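The values are calculated or read from the model by the stated rules, or taken from the named source; none is laboratory data. All of these numbers come straight from a predicted model, not from anything done at the bench. Here the Cβ positions follow ideal geometry from the backbone for every residue, glycine too, while neighbour counts run over all protein chains shown. Ligands, DNA and RNA are excluded from the accessible area calculation, which covers all protein heavy atoms including side chains. Shrake-Rupley method; radii C 1.70, N 1.55, O 1.52, S 1.80 Å.
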Amino acid sequence: MKYPFDVLKFRILPEFSPMLLHRFAVVAVASLLVLLLPPTTKTVQADPPQRLALWEDGAPGSRARMHEPEKLNGSNVTNVHHPSITVYLPAKDQASGTAVIIAPGGGHRMLCLGHEGDSLAKWFADHGIAAFVLRYRLSREPNSIYTLEGHAMDDTRRAIRMVRSKAPQWQIDPDRIGILGFSAGGELAAYAAMNPQPGDPNADDPIETQSSRPNFQGLIYPGKSGTFTVNEGMPPAFIAYGYNDRPDISIGMAEVYLKYKKAGVPCEMHVYANAGHGFGYRPGTTTAAGDWPRRFVEWLADSKLLAKNP
């Protein structure tokens, strides 16, 4: 693009000294350049999310390996021996008081922290919901010594307890803390709701005095649906999966929904006709399945689990 520099014509008065003329010319050219340059946006670098170990001195059964580094392949993580949560808090003036712990999937062989972890946590925080991405120990990783029902569930319950113990610090209502899991992580979310453990009032560790019962659960294409049981009084559930997923999910989760209905436990289910397994959450998606987080937030609001609709 050519700019009409010739539109600026100066009438030089005889009483101006050469030095004044020079200064005037410098200021005029600088001002012109500022006007002609494209507008810029100031970028503010946000603080990186805080990551907290679930057990500061190492998880029971993993203390000997707690200092081993995790292995990162793209956004997928393996070799987890020091389980943790990554904290995503909303702005204080936007905080709803609701919190959700996110358990990524990965077949218990890895953690898919991209489309099933950090991206969703950021989205929740932007919508007033505190979010915590769980890095749990993997029971099906090659040569793993861990179990799903033992170590992975210990990590899951500990995460719920930790968030509840820090509720005042993080502007969270301790009665509005839920868990949401994808695929393998959905199994952990379901089991946390099925088999919660009360806090121990005599525990020396203040985190262990808290209950591990979630106040709500999000089951996003979870596996092992045949192992899910539903009893009266369980936390309300939100279910989402794809019509084209494997039978234990595409058919099995419909059967699980009927268990919730029979037990009188509030449950909302979304089946996406054009989706399969692993749609997760990806920013900028234009698919119906990709927009499920909005349905989840609407469900929270309708269920009186959100102080305000963000």
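Among the residues that make up the range 254-269, is at least one of them among the hydroxyl-bearing types (Ser, Thr, Tyr), surrounded by fewer than 16 Cβ atoms within 10 Å (Cβ to Cβ) and modelled with pLDDT of 95 or more?
No, there is no match, as no residue in the range 254-269 is among the hydroxyl-bearing types (Ser, Thr, Tyr), surrounded by fewer than 16 Cβ atoms within 10 Å (Cβ to Cβ) and modelled with pLDDT of 95 or more.
Return the pair list, or none, for Cβ contacts closer than 6 Å from residues in the range 54-70 that are under 18 Å from residue 157 (Cβ atoms) and of a type in the set (Ser, Thr, Tyr) to residues that are modelled with pLDDT of 95 or more and in a loop (DSSP other than H, G, I, E, B), at least 6 apart or on different chains.
Correct list of pairs: 62/81.
Can you give me the number of residues within the range 163-183 that are among the aliphatic types (A, V, I, L, M) and surrounded by fewer than 24 Cβ atoms within 10 Å (Cβ to Cβ)?
The number of residues fulfilling the criteria is 2.
Exactly one of these conditions fails for residue 285: (1) modelled with pLDDT of 95 or more; (2) within 22 Å of residue 100 (Cα to Cα). Give me its number.
(1)
Could you list, in sequence order, all residues of the range 164-180 that are in a loop (DSSP other than H, G, I, E, B) and either touching a residue at least 40 places away in the same chain (Cβ under 8 Å) or more than 16 Å from residue 207 (Cα to Cα) (or both)?
167, 170, 171, 172, 173, 175, 176
Within the range 241-253, count every residue that is open to solvent by less than 70 Å² (accessible area, probe 1.4 Å) and free of Cβ contacts under 8 Å to residues at least 24 places away in the same chain.
Of the residues in that region, 1 qualify.
If a residue has to be surrounded by 12 or more Cβ atoms within 10 Å (Cβ to Cβ) and not in a strand (DSSP E or B) to count, how many in the range 76-102 make the cut?
Matching residues across the range 76-102 total 12.
Which one is nearest to residue 251 (Cα to Cα), of the residues in the range 280-299 that are open to solvent by 30 Å² or more (accessible area, probe 1.4 Å) and in a loop (DSSP other than H, G, I, E, B)?
Taking the candidates together, the pick is 288.
How many residues does the range 45-75 hold that are part of a strand (DSSP E or B) and open to solvent by 40 Å² or more (accessible area, probe 1.4 Å)?
5
When you go through (1) open to solvent by 10 Å² or more (accessible area, probe 1.4 Å); (2) under 20 Å from residue 260 (Cα atoms); (3) touching a strand residue (DSSP E or B) at 6+ places or on another chain (Cβ under 8 Å) one by one for residue 186, which number turns out not to apply?
(1)
Does the range 111-126 include one or more residues that are aliphatic (A, V, I, L, M), modelled with pLDDT of 95 or more and open to solvent by 20 Å² or more (accessible area, probe 1.4 Å)?
No: the range 111-126 contains no residue that is aliphatic (A, V, I, L, M), modelled with pLDDT of 95 or more and open to solvent by 20 Å² or more (accessible area, probe 1.4 Å).
Going by the conditions given, is residue 141 acidic (Asp, Glu), open to solvent by 10 Å² or more (accessible area, probe 1.4 Å) and either in contact with a Gly (Cβ under 9 Å, 6 or more places away or on another chain) or assigned to a loop (DSSP other than H, G, I, E, B) (or both)?
Taking the combined requirement at face value, the residue satisfies it.
Only residues in the range 139-163 that are of a type outside the set (D, E, K, R) and modelled with pLDDT of 95 or more count as the first member; pair them with residues that are part of a helix (DSSP H, G or I) and open to solvent by 20 Å² or more (accessible area, probe 1.4 Å), Cβ under 7 angstrom, at least 6 apart or cross-chain, and list the lot.
139/151; 153/191; 162/207
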